[in-house]
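Worksheet: one structure, shown below.
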Amino acid sequence: MKRKNKILLGGGFIIFIIAIITLFFFPRDCNDLCNNTIVIIDSEVDVDWEHENSAFICNKANANIFVNLSCVGDVDSQAIFLKDHKKVINYSESRKHIEADHRISFGVGNPIKGDDQISLDNLKAEIKKKHGNWDTDKYDHYLYFDIDSSGKLVIDVLEDYNQDKYCYSIQLFKAVTEKRATIDSNPNPIFQFKKMNILHKDVIVFWITGSQNLYYDFSDNPKLTLSEKLFNTGENIVKSPK
């Protein structure tokens, strides 16, 4: 029996070593993984477009083309891709991925307290006041958030994505609002914001009051770290403009 166990353990160790060697010396193509996904309407692009962007396409299904934005390049390249393709994006399908890709878990038993908050209606009003549009935005503008020294929320609307600021898409907030609607039917939910230092880096975390601890770190994309290193897909992109 002991000999049999040793053989099994030895075999398991060999399989583990082979798996590690395969990951590092025979890396998967970037588009083998559907991370940081944006969804394109198949009928809105042609065969030439598919050929030109084949390195980014990670799946095709249900009349949609799934693009791994990480394969496009750095965060600035991703932002340009979104603007260039804003007329062919399937926004309702993309928002499902946007919400999931930005959701994080702190493993917190009790809800944390935000530095400041704003209702959805007031957020929409702020966007409109600064010449954005909640209803029709298609990566035409980005929202900038910060918490000032007095703990108050600062909001601005920018024309272009700026990776040096806490700057994120209106589509992300629409995605989170839609997710919240599956939990309750409050038409005017409250967004809580908090500036935190995680791994020696300031980030802005937000959530909707009473949303069952669904927290969102929208200053970094939490799903684009270890997997990209393992599969050698290029730069370790930690921000997302989607």
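The values are calculated or read from the model by the stated rules, or taken from the named source; none is laboratory data. Keep in mind that what you see is a predicted model, and the values were worked out from it rather than measured. In this analysis, Cβ positions are derived from the backbone assuming ideal geometry, glycine residues included, and neighbour counts consider all displayed protein chains. We work out accessible area using only protein heavy atoms, side chains counted, and drop any ligands, DNA or RNA first. Shrake-Rupley method; radii C 1.70, N 1.55, O 1.52, S 1.80 Å.
Placing THR209, THR37 in order of accessible area, with the largest value first and a 1.4 Å probe, yields THR209, THR37. Please report, as a whole percent, how much of the solvent-accessible surface of region 102-182 comes from carbon and sulfur atoms (probe radius 1.4 Å). C and S fraction of accessible area: 43 percent. Taking 0.36 nm per residue of separation and subtracting the current Cα-Cα distance, fully stretching the chain between TRP49 and ASP156 would add 35.0 nm.
Plugging the Kirkwood radius over Cα pairs into Stokes-Einstein for region 26-103, at a temperature of 4 °C and a viscosity of 1.567 mPa s, what D comes out in µm²/s? Diffusion coefficient, whole number: 103 µm²/s. Can you flag which of LYS96/LYS195; LYS83/LYS152; LYS129/LYS152; LYS86/LYS152; LYS124/LYS179 are past 21 Å Cα-Cα? The answer is LYS96/LYS195; LYS83/LYS152; LYS86/LYS152.
Given R₀ = 35 Å, FRET efficiency for ASP202-ALA61 by Cβ-Cβ distance, to 0.05? Don't skip to the answer; put the middle values down first.
On the way: r = 39 Å, r/R0 = 1.10.
Efficiency computed from Cβ-Cβ geometry: 0.35.
Annotation: per residue accessible area for region 66-159 equals 50 Å², rounded to a whole number [probe 1.4 Å, protein chains only].
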